[in-house]
Amino acid sequence: IMDLMEKLTHIMRLGSSNSFYPVPQEAIGVGSAFEGWSPHAQDLVYHVFVPLSPPPGHAFHLDTAGMLQRNFCVRVELLCTCTREQPGEDMLCFLHHSEEELKKRQDPSLLHTLCTGTYLDVEKTVHWFHRFVRVAWLLLPESRHWCLTLQPSSRSCKFQLSKDNESLAVEIIFGVRQGDSDIFVGSQPEEAGIPSTTWLETYAVAEAKFFRHISRQAPQDSWHCKCLQLLARFLTGVGLSSYALKTVVMHLLNTVPPTQWRREDFGQRLMDILKYLHCSLVTKQLHHFVIGNARFPAEISLPSGFRLAIPPNLFQHLASSPDAHVKAVQDYVHLL
């Protein structure tokens, strides 16, 4: 999957080198499939995160969207390129050349292609990538052996790869980096009522890097992923989410030494996870793992103030809805 993504983004960069579309960077594998704990092999989806950088003559700025601090709009700003000195380039400045001259000699700016107003539009960006994948796929050697089927999606690029009896499901999520950190604003999720110019803060890349950080420290026979995989497989998905379970395990991985997750510790670690989850359900409080975690590995870059921020409560909805709390407790009993 990652080899395929590398080829796709490379073709994309070449194909759009003379235009002013977002520049796709190296893809990053995120989610349970790449973290090593996917609970269901039969409906496995490979989630791939593709960071987008602004094209020449453009800059991205993140503006908070409305009252929700974790929702953002990606504002696109045109930059002056009059002093740009790069051999072989005759790029006109979008700010200081006439509109008539720009139309004759240059492709339109990003503001006139994938933006709504001055903001990068998620749905337009996804549609643009969909169109490009259709064309780029035919240039890849994989197209001779695999069948690619694009699936409808407004905030991500989903496709199925099939060959004989083998099938792979892939979902590409797009994002813009916050500064030089491992925190992004992303195109997901697909929920009714989300404006197409809204990008949601995502911690998927930082969390994937955390699992790789743990794997480097842990012994080869570490069963930390198997603990999470086993418990996630038995979730009914009504009151407790696999993300809540993953958060509990990440908190424990940050406190219990990697050497204590071996096969012989499997039963004890399962009990630790269930006890932590039970305590969180009783108090209706489960702290976010990345935000406000002073023990988060320093090698994973976070925006300024992230480690000292007040961590959001992932179980806030349980505190405000008795019915949701009852369902979550029933899920826990089923898990137990």
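Observations, loosely collected:
- Qualifying residue in the range 128-149 (condition: farther than 24 Å from Thr81 by Cα, of a type in the set (Gly, Ala, Ser) and exposed (fewer than 14 other Cβ atoms within 10 Å of the Cβ)): yes
- Among residues of the range 95-122 that are within 13 Å of Thr197 (Cβ to Cβ), those with a Cβ under 6 angstrom from a residue that is among the polar types (S, T, N, Q), sequence gap 6+ or separate chain, pair up as Leu114/Thr125; Thr116/Thr197; Tyr119/Thr197; Asp121/Ser196; Asp121/Thr197; Val122/Ser187; Val122/Ser196.
- Some residue of the range 266-289 being closer than 14 Å to Ala206 by Cα and assigned to a loop (DSSP other than H, G, I, E, B): yes
- Hey, Gly66 at positive phi, at pLDDT below 95 and open to solvent by less than 50 Å² (accessible area, probe 1.4 Å) or not: no
- Restricting the range 246-259 to residues that are at pLDDT below 95 and in a helix (DSSP H, G or I), the residue that is nearest to Glu299 (Cα to Cα): Pro258
- Residue-level analysis places Arg295 among those that are open to solvent by 30 Å² or more (accessible area, probe 1.4 Å), out of contact with any Asp or Glu (no Cβ under 8 Å at 6 or more places or on another chain) and outside the structural domain of Ile183 (by the TED database).
- Checked across the range 27-40, the condition of being assigned by the TED database to the domain that holds Ile194 and open to solvent by 60 Å² or more (accessible area, probe 1.4 Å) holds for at least one residue.
- Close pairs (7 angstrom Cβ cut-off, 6 or more residues apart or separate chains): over 12 Å from Gly239 (Cβ atoms) in the range 311-322, open to solvent by less than 40 Å² (accessible area, probe 1.4 Å) and assigned to a helix (DSSP H, G or I) anywhere: Leu314/Ala244; Leu314/Thr247
- Being open to solvent by less than 60 Å² (accessible area, probe 1.4 Å), of a type in the set (Ser, Thr, Tyr), in contact with a helix residue (DSSP H, G or I) (Cβ under 8 Å, 6 or more places away or on another chain) and assigned by the TED database to the domain that holds Leu302 is not true of Ser196.
- Verdict on Thr116 being surrounded by 15 or more Cβ atoms within 10 Å (Cβ to Cβ) and either assigned by the TED database to the domain that holds Val74 or charged (D, E, K, R) (or both): yes
- Considering residues of the range 168-188 that are out of contact with any Gly (no Cβ under 9 Å at 6 or more places or on another chain), among the small types (Gly, Ala, Ser) and part of a loop (DSSP other than H, G, I, E, B) only, the residue surrounded by the most Cβ atoms within 10 Å (Cβ to Cβ): Ser181
- Looking across the range 114-149, just one residue is β-branched (Val, Ile, Thr) and assigned to a loop (DSSP other than H, G, I, E, B), and that is Thr118.
- Selected residue (only one of Glu191, Glu207 is surrounded by fewer than 19 Cβ atoms within 10 Å (Cβ to Cβ) and of a type in the set (D, E, K, R)): Glu191
- Restricting the range 230-243 to residues that are more than 17 Å from the chain's Cα centre (by Cα) and surrounded by fewer than 20 Cβ atoms within 10 Å (Cβ to Cβ) leaves a set whose member that is nearest to Lys284 (Cα to Cα) is Ser241.
- When the range 93-106 is filtered for residues that are among the acidic types (Asp, Glu) and buried (at least 16 other Cβ atoms within 10 Å of the Cβ), nothing remains.
- Condition check for Ala298 on (1) farther than 23 Å from Gln229 by Cβ; (2) touching a residue at least 24 places away in the same chain (Cβ under 8 Å): one failure, at (2).
- Qualifying residues in the range 298-319 (those that are aliphatic (A, V, I, L, M) and part of a loop (DSSP other than H, G, I, E, B)) - the one surrounded by the most Cβ atoms within 10 Å (Cβ to Cβ): Leu302
The values are calculated or read from the model by the stated rules, or taken from the named source; none is laboratory data. Values in this document were obtained by computation on a predicted structure and should not be read as measured data. Positions of Cβ are generated from backbone atoms using ideal geometry, with glycine treated the same way; all protein chains shown enter the neighbour counts. Surface areas here come from the heavy atoms of the whole protein model, side chains and all, with no ligands, DNA or RNA. Shrake-Rupley method; radii C 1.70, N 1.55, O 1.52, S 1.80 Å.
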